[in-house]
Amino acid sequence: SSTPAGADARLQPPSPSQYFCETPSCPIAARSFWSSYKHHATLKLLGAIGPNGEFTFLSSAYGGSSSDVEITRACGFLECVERADVILADKAFTVEHECNLKYARLMHPAFAFKGQKYFSAEHAAATSRIARARIHVERAFARLGMFHYLQKEVKLSQADIFGICVRV
């Protein structure tokens, strides 16, 4: 289909957003919360927005070392995917098989292969359309980040209710 990216997308999941949390004193637990990206213990949330910019899905919290794909498969997001949904995602969002089983379409930016200097005009245009639509996901999470509760380090005793608090 040649519809513009974003126009028919019902779910647009980003890479999970990360929020600082206390570092557990137990080394094994600390490892599951450690984010090599943030260089700190974090909690991750996966969210999806619809074409109107509203959150249509927000997961529970996961430890910062959890991969995006692990969270996606475990959090219930895929159960929300319906036939003919178009899901816009970044290139690390590798759940195409699961989307195909639901008869949904996963769209992500074109991949550059080793030795490839340029994208075709078609790939460049498609990547640009996806990027323009996906910026709204980043903006939605930026709006969440404005809440005082999310600007401070989350206590470990609140980790299990963190996702609920963010949803409210």
Worksheet item: With the contact rule set at Cα under 8 Å and sequence spacing of 6 or more, what percent relative contact order holds for the chain?
Response: 27 percent
Discussion item. My understanding is that a pair violates if its Cα-Cα distance is over 26 Å; which of LYS91/LYS114; LYS38/LYS114; LYS38/LYS152; LYS38/LYS102; LYS38/LYS155 do that in this structure?
Written reply: LYS38/LYS114; LYS38/LYS102
Item to complete: Give, rounded to the nearest 20 debye, the magnitude of the charge dipole that the chain has about its Cα centre when Lys and Arg contribute +1 at Cβ and Asp and Glu contribute -1 at Cβ.
Response: 360 debye
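Solvent-accessible area per residue for segment 54-168 at a 1.4 Å probe radius, Å²?
Each residue of segment 54-168 exposes 63 Å² on average to a 1.4 Å probe.
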Practice prompt. Distance between Cα centroids, segment 64-79 to segment 85-114: provide it in whole Å.
Written response: 15 Å
Worksheet entry | Where only C-alpha atoms are counted, convex hull volume of segment 86-137 per residue in Å³ | 90 Å³
Response to the item:
In whole percent, the fraction of accessible protein surface over the chain that belongs to carbon or sulfur atoms, probe radius 1.4 Å, stands at 58 percent
Worksheet entry | Top of ARG134, ARG105, ARG83 by mean-square fluctuation, Gaussian network on the chain, Cα under 10 Å | ARG83
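The values are calculated or read from the model by the stated rules, or taken from the named source; none is laboratory data. Quantities reported herein were computed from a predicted structural model and do not represent experimental measurements. As a convention, Cβ positions derive from the backbone with ideal geometry for all residues, glycine included, and neighbour counts pool all protein chains shown. Calculation scope for accessible area: heavy atoms of the full protein, side chains included, ligands and nucleic acids excluded. Shrake-Rupley method; radii C 1.70, N 1.55, O 1.52, S 1.80 Å.
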